[in-house]
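Every read-out reported here was derived from the displayed coordinates using simple, explicitly stated rules and does not represent laboratory data. Just so it is clear, the model here is predicted, and its values are computed rather than measured. Note: ideal-geometry Cβ built from the backbone for every residue, glycine included; neighbour counts use all protein chains shown.
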Amino acid sequence: MMPIAYLRSQTAYEIEETLKFGGLSNKRVFDRIREKVVAEKTYYKLKFIHGEIRVYGPRFILINGEKYKSLDDARSKLVSYIR
């Protein structure tokens, strides 16, 4: 079984790449847009043109407060912002 910290990091990385590829980031392609937040619950925060994403784990992703239970569902939502 893989540690949740690693899975959280990989999920945030995949979302970061999706944001960069889709042109949804305000920063250049080579800049990191994810930020690790250590609070009561550790999560990654990613800011993009249309709001904010919080990644608590591979099955708990919040995009502007809306919960997604998989990386594929979250990516589908992000693609809808591109169109």
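At-a-glance table
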| item | result |
| --- | --- |
| Residues of region 43-60 classified as surrounded by 18 or more Cβ atoms within 10 Å (Cβ to Cβ), hydrophobic (A, V, I, L, M, F, W, C) and free of Cβ contacts under 8 Å to residues at least 40 places away in the same chain, total | 3 |
| Subset of region 62-83 (residues that are among the hydroxyl-bearing types (Ser, Thr, Tyr) and under 18 Å from Ile4 (Cα atoms)) | Tyr68, Ser70 |
| Region 40-83, residues that are farther than 18 Å from Ser25 by Cβ, among the basic types (Lys, Arg) and not in a strand (DSSP E or B) | Lys41, Arg59, Lys69 |
| The one condition in (1) closer than 19 Å to Pro3 by Cα; (2) touching a helix residue (DSSP H, G or I) at 6+ places or on another chain (Cβ under 7 Å) that Arg59 fails to fulfil | (2) |
| Any hit, region 61-72, residues being of a type in the set (Lys, Arg), touching a strand residue (DSSP E or B) at 6+ places or on another chain (Cβ under 6 Å) and free of Cβ contacts under 8 Å to residues at least 40 places away in the same chain | no |
| Residue in region 3-24 that is nearest to Arg54 (Cα to Cα), counting only those that are in contact (Cβ under 8 Å) with a residue 60 or more places away in the chain and hydroxyl-bearing (Ser, Thr, Tyr) | Thr11 |
| Hits in region 67-83 (condition: of a type in the set (Asp, Glu) and loosely packed, with under 12 Cβ neighbours inside 10 Å) | Asp72 |
| Positions within region 1-16 being surrounded by fewer than 12 Cβ atoms within 10 Å (Cβ to Cβ) and either in a loop (DSSP other than H, G, I, E, B) or not small (Gly, Ala, Ser) (or both), in sequence order | Met1, Met2, Pro3, Tyr6 |
